Amino acid sequence: MAIPAKLQNDIKQFQRVQQDLATVSQQRLQMDLKLREIKHTLEEIKGLPEGTPLYRPIGGLLARAKDRGEVEHLLTEDQETLEVRVKAMERQENALKERYQTMQREISEAIQASGLGGGSPGPRADSSER
């Protein structure tokens, strides 16, 4: 039995959402790791004796910072920026998860309604959560 054109299109869209979800999840994970690294660096800096030379990146170079406060200020700004970006990525990821689950359910229902089989078009929704 041939798969209806609308269902084929829906499956292609579902696969794109699945790929987008994987991409966004990976990007969020990378940002989370960078955020943890910044937090750890800020904690380590606090434990250094006053006057310890610190360096900050300028493009591909490292330049000696004026003082600890300069480095802490730059890292804190980076941390705040990343926190905002991570929250935005989480919202995007959650929206994609909802869309993924909705599409999965709709495609499964369409497959069953057309008598093409009883399987779902992809992994179960609960296994897609990361």
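The numbers here are math on the coordinates, done by the rules we state, and not lab data. Because the structure is predicted, anything quoted here is derived from the model rather than measured. Using ideal geometry, Cβ is built from the backbone for each residue, glycine included, and neighbour counts are taken over all protein chains shown.
Quick notes on this structure:
- Relative to the longest principal axis of the Cα atoms of the chain, the long axis of helix 5-46 makes an angle of roughly 20 degrees.
- Across G51, G69, G59, mean-square fluctuation computed from a Gaussian network of the chain (C-alpha pairs under 10 Å connected) peaks at G59.
- Highest-MSF residue in the chain out of E43, E106, E93 [GNM, Cα springs under 10 Å]: E43
- Relative contact order %, region 13-115, counting alpha carbon pairs below 8 Å whose residues are six or more apart: 39
- Listed values for region 96-103 are Karplus-derived 3J(HN,Hα) couplings in whole Hz (6.51 cos²θ - 1.76 cosθ + 1.60, θ = phi - 60°), namely 5, 4, 4, 4, 4, 5, 5, 5, and x replaces Gly and Pro.
- Paramagnetic label reach from L48 (point 7 Å along Cα→Cβ; backbone nitrogen cut-off under 17 Å): within region 64-83, residues 64-79.
- Most fluctuating residue given options D32, D78, D67, as computed from a GNM of the chain linking Cα atoms under 10 Å: D67
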